Amino acid sequence: MRSLANAVLIYINTVLQTGFYLGCVRVELTGRVAEIESELRKPLSADSEERATDLENQEALETIENSEMHEIRQIQEALNRISEGSYGICAECGADIDPKRLRALPTATRCISCAA
C-alpha cells in the first residue's frame, strides 16, 4: 500500500512539475511572438532593394511566428489535459503514455505505439 501511495505522489509531483515547465515555456513563447508581431508591424524601407530584404525577413519571421503559435497551442492543450486529469493518457488507445516519452515530449497526446 505504501509503494502505491509513493507512486501516486511521484506521479502528481511529475505532473505538477510538467505543468509549471509548460507554463514557463508558454510565457516565453508568447513574449517572442509579441516581439515578432511588433517587428512585422514596422514600416518597410523606401529603398526597393532594402524593401526586398525586409519582405524576405518578414516571411522568415512569419514562419517562426506560426511555428511558435502552434507550439503555444500544443502547450495550452497539454495544460488543459493536466487540469482535466487526462494528461499522460493516449488520446487514441487510452493507454498510459510512457513517462519517458512525456519527459522528452511533454505535449505528447499519443503513446509511442499509436504515434508510430
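Bear in mind that the values in this text are calculations on the coordinates, not laboratory data. Only a predicted model underlies this, so the values are computations on that prediction, with no experimental measurement involved. Positions of Cβ are backbone-derived with ideal geometry, glycine not excepted, and every protein chain shown enters the neighbour counts.
For Ser113 and Glu84, calculate 0.36 nm times their separation in residues minus their Cα-Cα distance, and state this gained length in nm to one decimal. Walk me through the intermediate numbers first.
Numbers: separation 29, 0.36 × 29 = 10.44 nm, distance 2.34 nm.
Gain in length upon complete extension: 8.1 nm.
Using a basic spin-label model with each label point 7 Å from the Cα along Cα→Cβ, how many nm lie between Gln17 and Asn66?
3.6 nm
Can you give the relative contact order of segment 2-85 as a percent, counting alpha carbon pairs under 8 Å and 6+ residues apart? Intermediate results must be reported in sequence, preceding the final value.
On the way: 28 pairs, mean separation 36.5, N = 84.
Normalised by residue count, the contact order of segment 2-85 is 43 percent.
What does the helix-only formula give at 222 nm for the chain: each DSSP H stretch with n ≥ 4 adding -39500 (n - 2.57), the total divided by the residues, and the result rounded to the nearest 500 deg cm²/dmol?
Values: 4 runs with 86 residues, N = 116.
That comes out to -26000 deg cm²/dmol.
Under the 0.36 nm per residue contour assumption, what length would be gained going from the current alpha-carbon distance of Ala46 and Ala104 to full extension? All intermediate terms of the calculation are to be shown ahead of the outcome.
Working: separation 58, 0.36 × 58 = 20.88 nm, distance 4.65 nm.
Residue separation times 0.36 nm, minus the Cα-Cα distance, leaves 16.2 nm.
Among Thr107, Ala34, Asn57, whose Cα sits farthest toward the positive end of the charge dipole of the chain (+1 at Cβ of Lys/Arg, -1 at Cβ of Asp/Glu, about the Cα centre)?
Projecting each Cα onto the dipole axis, the largest value belongs to Thr107.
Hey, for a label at Gln58 modelled as a point 7 Å past Cα toward Cβ, could you say which residues of segment 26-42 have their backbone N under 17 Å away?
35-42
How far is helix 2-40 tilted off the main Cα axis of the chain, in degrees rounded to 10, range 0 to 90?
So the helix axis and the longest Cα principal axis differ by about 10 degrees.
Can you give the direction-averaged projected area of the convex hull of the alpha-carbon atoms in the chain, in nm²? Write out the running numbers ahead of the final one.
Values: hull surface 37.0 nm².
With the hull built on Cα positions only, its mean projection is 9.3 nm².
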